[in-house]
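So the structure is just underneath, and the comments pick up after that.
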Amino acid sequence: MTATIEPTIIKERLPSASARLSLTPTGSIPGLLDGAWWPRSRDLLQEIPTLTDALDACWGRITHVTVNPTHWPVIPRKVPVTGHTVHVGWFAAEQDPNKVILLSYTVGRLDLLVIPPETEPAAAARLMASATVSRGIRTASGLMTDEAISHDATDVQSREEEWETDGGATSTAGAAIGISSSAPRR
């Protein structure tokens, strides 16, 4: 996917829903991630203000955001948010494609797993819980891979159960091919 770098676009901000965000508990031992964010779209101009509105009050004014352009089709250089402007940067090779980094003058750095907007709610809940584990040693991409593997395994098990309940593999083999148990053996 290629990303387009756009100059700052000033447009009237529409009211948006609150950020879907989960942070590690205050005072917990730091891990590789500080939480998870589940945006509603891949539009940074729309999503960053919602995220900063949720974080500015409890964490300090967000001044910079960095992303990997893999999952973001357009990356604006600046995003107007409530009361200030957030500078946006991107790193293709250096930053995990499933992570966003937020910088604040007062607290420092916050690393969040970015859950794709199209993720099913149950999977997003599992990912949010996994990203907020104290002393977490899983990277953002590692958590996404674990979830994909878990989802694939669940799908396979579900298909096998459906197969068996529909008369598949565990049905009596003799009846399926017309062999009688009373037939003489040779």
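So which of P121, P97 ends up being within 16 Å of the chain's Cα centre (by Cα), within 21 Å of S150 (Cβ to Cβ) and open to solvent by 50 Å² or more (accessible area, probe 1.4 Å)?
P121
Every residue, every condition in (1) open to solvent by 60 Å² or more (accessible area, probe 1.4 Å); (2) at pLDDT 95 or above, yes or no:
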position: R40; (1), (2): yes, yes
position: I48; (1), (2): no, yes
position: I75; (1), (2): no, yes
position: V79; (1), (2): no, yes
position: L110; (1), (2): no, no
position: V114; (1), (2): no, yes
position: P117; (1), (2): no, yes
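Considering only the stretch 120-136, I want to know if a residue exists there that is at pLDDT below 90, in a loop (DSSP other than H, G, I, E, B) and either among the aliphatic types (A, V, I, L, M) or in contact with a Lys or Arg (Cβ under 7 Å, 6 or more places away or on another chain) (or both).
Yes, there is a match, as at least one residue in the stretch 120-136 is at pLDDT below 90, in a loop (DSSP other than H, G, I, E, B) and either among the aliphatic types (A, V, I, L, M) or in contact with a Lys or Arg (Cβ under 7 Å, 6 or more places away or on another chain) (or both).
Out of P30, P49, P80, P76, which single residue is in contact (Cβ under 8 Å) with a residue 24 or more places away in the chain and closer than 24 Å to L143 by Cα?
P30
What number of residues within the stretch 85-94 satisfy the criterion of being free of Cβ contacts under 8 Å to residues at least 40 places away in the same chain and surrounded by fewer than 17 Cβ atoms within 10 Å (Cβ to Cβ)?
Within the stretch 85-94, residues that are free of Cβ contacts under 8 Å to residues at least 40 places away in the same chain and surrounded by fewer than 17 Cβ atoms within 10 Å (Cβ to Cβ) number 6.
Across the stretch 38-74, what is the number of residues that are assigned to a helix (DSSP H, G or I), under 17 Å from the mean Cα position of the chain (by Cα) and β-branched (V, I, T)?
3
Tell me yes or no: at least one residue of the stretch 161-169 is open to solvent by 80 Å² or more (accessible area, probe 1.4 Å), at pLDDT below 95, farther than 21 Å from L33 by Cβ and not in a helix (DSSP H, G or I).
Yes.
Considering (1) on the phi < 0 side of the Ramachandran plot; (2) open to solvent by less than 40 Å² (accessible area, probe 1.4 Å); (3) free of Cβ contacts under 8 Å to residues at least 12 places away in the same chain, say which one A57 fails and leave the rest.
For A57, the exception is condition (2).
Enumerate the pairs (first residue in the stretch 108-127 and farther than 23 Å from P73 by Cα; second residue anywhere and among the small types (G, A, S) and open to solvent by 30 Å² or more (accessible area, probe 1.4 Å)) with beta-carbon separation below 8 Å, excluding pairs fewer than 6 apart on the same chain, so at least 6 apart or on different chains.
Short answer, once both residue conditions are applied: R126/S150.
The values are calculated or read from the model by the stated rules, or taken from the named source; none is laboratory data. Bear in mind that the values here come from a model prediction, so they are computed numbers and not experimental data. All Cβ positions, glycine included, derive from the backbone under ideal geometry; neighbour counts span all protein chains shown. SASA here: full protein model, heavy atoms, side chains in, ligands and nucleic acids out. Shrake-Rupley method; radii C 1.70, N 1.55, O 1.52, S 1.80 Å.
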